[in-house]
Structures are given as structure tokens and as C-alpha cells.
1. Can you work out which of the residues in the stretch 204-225 that are touching a residue at least 60 places away in the same chain (Cβ under 8 Å) and within 13 Å of the chain's Cα centre (by Cα) is farthest from residue 75 (Cα to Cα)?
2. What are the residues in the stretch 47-73 that are surrounded by fewer than 23 Cβ atoms within 10 Å (Cβ to Cβ), in contact (Cβ under 8 Å) with a residue 60 or more places away in the chain, touching a strand residue (DSSP E or B) at 6+ places or on another chain (Cβ under 6 Å) and more than 22 Å from residue 233 (Cα to Cα), if any?
3. Is there a residue being at pLDDT 95 or above, part of a helix (DSSP H, G or I), crowded, with 16+ Cβ neighbours inside 10 Å and touching a helix residue (DSSP H, G or I) at 6+ places or on another chain (Cβ under 8 Å) anywhere in the stretch 200-217?
4. Say we look at the stretch 242-281 and pick out the residues that are in contact with a strand residue (DSSP E or B) (Cβ under 6 Å, 6 or more places away or on another chain) and assigned to a helix (DSSP H, G or I); which of these is surrounded by the most Cβ atoms within 10 Å (Cβ to Cβ)?
5. Select from the stretch 26-46 the residues that are surrounded by 12 or more Cβ atoms within 10 Å (Cβ to Cβ) and either out of contact with any strand residue (DSSP E or B) (no Cβ under 9 Å at 6 or more places or on another chain) or over 19 Å from residue 101 (Cα atoms) (or both) and list them in ascending order.
6. Could you please find all residues in the stretch 170-190 being under 17 Å from residue 232 (Cβ atoms) and in contact (Cβ under 8 Å) with a residue 40 or more places away in the chain?
7. How do the pairs read when you match residues in the stretch 74-90 that are touching a residue at least 40 places away in the same chain (Cβ under 8 Å) and on the phi > 0 side of the Ramachandran plot with residues anywhere that are surrounded by 22 or more Cβ atoms within 10 Å (Cβ to Cβ) and assigned to a loop (DSSP other than H, G, I, E, B), using Cβ under 8 Å and keeping only pairs 6 or more apart or on different chains?
């Protein structure tokens with residue numbers, strides 16, 4: 001992204017917070033549609049008991065592109081992300097309305113099995129969570145349970161290829177039998193990314209994947225996201241507007257469960273169309 005965007009984002013530091021915000025628009029500002037969507041959400045509402053966490057969100061997610069979800073804490077961006085591979089199914093009080101489709105097929109249809117769905121739509125969490133297994137077995141776990149390798153040699157190839165694509169192979173190739181939990185934080189997160197891509201997903205969801213990492217590890221993960229976007233559709237939730245500007249082609253701004261504005265990342269950060277987006281980008285609230 002250009003220097004103008006970098007300068008504008010950096011200017012949020014030391015600016016006073018303002019409680020004054022504009023009314024949330026009844027319809028999302030910007031174009032929610034793309035020409036070749038890999039996933040589509042239509043009129044999605046999410047409730048936790050009686051509380052509405054996501055309010056009538058419609059959005060397309062493009063193939064082989066990175067889209068960032070930004071917004072204040074509690075705005076619904078992680079809740080919406082978790083809808084995309086049915087992670088909210090684990091919450092008893094959660095109820096979802098509307099339609100979310102992957103390659104045109106409703107992922108909430110009664111016949112859909114969430115196990116293969118979550119292989120197609122992988123997830124990388126905020127805190128690295130390697131299994132208490134060896135580095136090798138962390139990556140091999142998914143291919144084993146999904147029957148992607150019939151012979152050990154095939155499994156070896158999948159593990160090596162996944163670690164290479166996650167930028168970790170050279171660092172761990174001589175200690176694949178050691179525990180994944182023994183790696184550094186940044187290495188653990190790359191191991192989790194290798195574990196996700198080992199089952200050849202179509203979409204990778206990342207929920208603040210760098211929030212627990214140091215700047216050097218963060219830079220490596222961001223570089224990895226850029227590399228993987230040539231093969232995968234990537235959706236990332238981030239509190240860092242600088243990170244959104246660096247890694248994504250499209251950005252969606254959420255506030256109080258509403259999708260306020262979506263557009264090309266450079267446009268969102270340099271010429272936002274809605275006042276609420278402008279106020280958030282310039283640090284007036286959030």
C-alpha cells in the first residue's frame with residue numbers, strides 16, 4: 001500500500017478518543033459483491049440467546065484474495081468469522097439465520113457434515129494451539145483422519161510440502177519427532193498454519209493470528225499470508241489497521257454487529273465513504 005495510507009493510519013496514535021459517532025447505516029456502504037466469490041453470506045443474523053451479535057450481514061468473499069475484518073472490540077467480526085466454518089455450533093445459545101454458502105452450497109444445510117466442511121474451511125486461532133504431539137504428527141493429523149494418504153511416503157510428502165509452504169521446513173526438518181509445543185510462539189503459529197493447509201482447504205480463516213507474537217514473528221506470518229493468498233482464499237480478523245493495510249486486498253469494517261462498509265483496502269483507508277469508517281480509521285473511537 002502507498003505511503004499516504006501508512007501516514008494516515010499512523011496518525012491515529014495520540015489522537016483523542018471521541019464518543020460521538022454517526023448513525024450506523026441501514027445498508028452496507030460499498031460493494032458487498034465480487035465477480036468470483038468463493039463464499040457468500042446473505043442476510044446473516046447471529047444471536048446469543050436474545051442478544052443480536054450480527055445484524056443482517058451480506059458479503060461476498062473472493063477466491064484467492066485476502067479480506068480483513070476490522071472494527072472495535074465486540075463489534076462482531078470474530079463472531080462472523082466463526083460462522084464461516086460453523087465454529088459457533090459449539091455454543092449452545094448461538095442461533096444463526098440467513099444463508100452462508102461455499103461454492104454455492106449452503107454450509108448450514110441439514111445434510112452438511114461439519115468435519116469435511118472444516119477441512120475445506122480451515123481455522124487458525126489467535127493463540128497458537130499445537131496438539132501435544134510431535135511436529136510431524138501435528139501436520140499429519142488432518143490428512144490421517146480424512147484419509148488423504150494411503151502410504152507413509154504419501155504422508156511424508158504432505159507433511160514436508162505443508163511445512164515448506166508454511167515457511168517452517170528448514171527450521172524443523174531435523175527434529176520432526178520433537179513436540180510441537182517446544183517451538184517458539186511464531187514457529188507454533190506457522191505449525192498451526194501448516195496443519196491447516198495439510199488438508200488442502202479452499203478457505204483459511206485467521207482470527208487475530210499475530211496478536212500474541214513479537215514484531216519479527218508477525219512480519220513472517222504476514223509474509224506467509226501474502227504467499228498463501230496465491231493458492232487460498234484468506235479471511236483475517238485483526239485489530240491492527242496497519243496489518244490490514246499490509247496483507248489484504250479488501251477490508252470490511254464492522255460496528256455493533258453491522259457491516260458498515262466494505263471495499264478495496266486502499267479505498268477504505270484513504271477515502272472511506274461512511275463517516276463511521278472515517279472516524280474509526282482516524283482514531284476518533286475504537
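The values are calculated or read from the model by the stated rules, or taken from the named source; none is laboratory data. The shown structure was predicted, so the numbers you read here are calculated from the model rather than taken from an experiment. Positions of Cβ are backbone-derived with ideal geometry, glycine not excepted, and every protein chain shown enters the neighbour counts.
1. Keep residues of the stretch 204-225 that are touching a residue at least 60 places away in the same chain (Cβ under 8 Å), which gives 204-209, 211-212, 225.
Keeping just the survivors that are within 13 Å of the chain's Cα centre (by Cα) gives 204-209, 211, 225.
Values: 204: 21, 205: 18, 206: 17, 207: 14, 208: 14, 209: 18, 211: 17, 225: 24 Å.
Here the residue is 225.
2. Selection gives 53, 55, 56.
3. For the stretch 200-217, residues at pLDDT 95 or above, part of a helix (DSSP H, G or I), crowded, with 16+ Cβ neighbours inside 10 Å and touching a helix residue (DSSP H, G or I) at 6+ places or on another chain (Cβ under 8 Å): absent.
4. So, considering only residues that are in contact with a strand residue (DSSP E or B) (Cβ under 6 Å, 6 or more places away or on another chain) and assigned to a helix (DSSP H, G or I), the one surrounded by the most Cβ atoms within 10 Å (Cβ to Cβ) is 268.
5. 28, 29, 30
6. Within the stretch 170-190, the subset under 17 Å from residue 232 (Cβ atoms) is 189-190.
Scanning the stretch 170-190 gives a single hit, 189.
7. Short answer, once both residue conditions are applied: 76/257.
Conditions tested, residue by residue: (1) surrounded by fewer than 19 Cβ atoms within 10 Å (Cβ to Cβ); (2) in contact (Cβ under 8 Å) with a residue 60 or more places away in the chain; (3) in contact with a strand residue (DSSP E or B) (Cβ under 8 Å, 6 or more places away or on another chain).
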{"site": "132", "(1), (2), (3)": "yes, no, yes"}
{"site": "138", "(1), (2), (3)": "no, no, no"}
{"site": "141", "(1), (2), (3)": "yes, no, no"}
{"site": "147", "(1), (2), (3)": "yes, no, no"}
{"site": "154", "(1), (2), (3)": "yes, no, no"}
{"site": "157", "(1), (2), (3)": "yes, no, no"}
{"site": "168", "(1), (2), (3)": "no, no, no"}
